[in-house]
1. I want to confirm something. Restricting to segment 77-106 and keeping residues that are within 14 Å of the chain's Cα centre (by Cα) and over 24 Å from Glu153 (Cα atoms), which single residue is surrounded by the fewest Cβ atoms within 10 Å (Cβ to Cβ)?
2. For segment 76-146, list the strands (runs of 3 or more DSSP E) that sit wholly inside it and hold at least 2 residues that are touching a Ser or Thr at 6+ places or on another chain (Cβ under 8 Å); which are they?
3. Of everything in segment 107-120 that's surrounded by fewer than 20 Cβ atoms within 10 Å (Cβ to Cβ) and in contact (Cβ under 8 Å) with a residue 40 or more places away in the chain, which residue is nearest to the chain's Cα centre (by Cα)?
4. Pairs please, first residue from segment 122-138 and without any contact (Cβ under 8 Å) to a residue 24 or more places away in the chain, second anywhere and buried (at least 17 other Cβ atoms within 10 Å of the Cβ) and outside any strand (DSSP E or B), Cβ atoms under 9 Å, 6+ apart in sequence or on different chains.
Amino acid sequence: MINVQDIHKHQFLGKIDLPTLTWDEVIFNFNKNVTEDRDYKIMNNFGFVTHNTRHNRKVCAVGEEIQKLFPTNNISAHLYTSFLEVSETFGRHNDYQHVFFWQCIGITRWSVWENDKEHIYRLMPGEMLYVPVGMDHDTKPVTPRAGISFGIELDDI
């Protein structure tokens, strides 16, 4: 997937051998978080983010592969869903964790800034993008979409 020695640079990992999620699984995940009083966030214009998505066996399988790269770090998984092209996202920001984003359904436009240069990616289902800690990025749904963001906690990197 990615060489841990190159962890400082963002990489488009492209299409890799990943399972696919269905809309039924996405909605089930949201419903499970709501009914079990787990964290979730409703975004404006028909979007939502749910945490604790590692109970899905497909998400666990991908998370386990990423965990092999970071055997001593905790990894979280969050589901980002937008039903409209105008669904709210978090805008340009950076994270305090390394992020692997797995595009599951639909298309998402990603902008990543490195040394003030913008790199643009259109993630399709089954593709993955790596964004290191502290690197500015922004997302925009191109179609209704769902994707999983895996965050790698930094304690031991």
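Since every read-out is calculated from the coordinates, none of them should be taken as a lab result. Remember, predicted model here, so these are calculated numbers, not experimental data. All Cβ positions, even for glycine, are placed from backbone atoms using ideal geometry, and neighbour counts span all protein chains on display.
1. Out of the qualifying residues, it is Ile105.
2. Once the strands (runs of 3 or more DSSP E) in segment 76-146 are filtered for at least 2 residues that are touching a Ser or Thr at 6+ places or on another chain (Cβ under 8 Å), what remains is 98-105, 108-114, 117-123, 137-141.
3. It comes out as His119.
4. If the second residue must be buried (at least 17 other Cβ atoms within 10 Å of the Cβ) and outside any strand (DSSP E or B), the pairs left are Arg122/Ile107.
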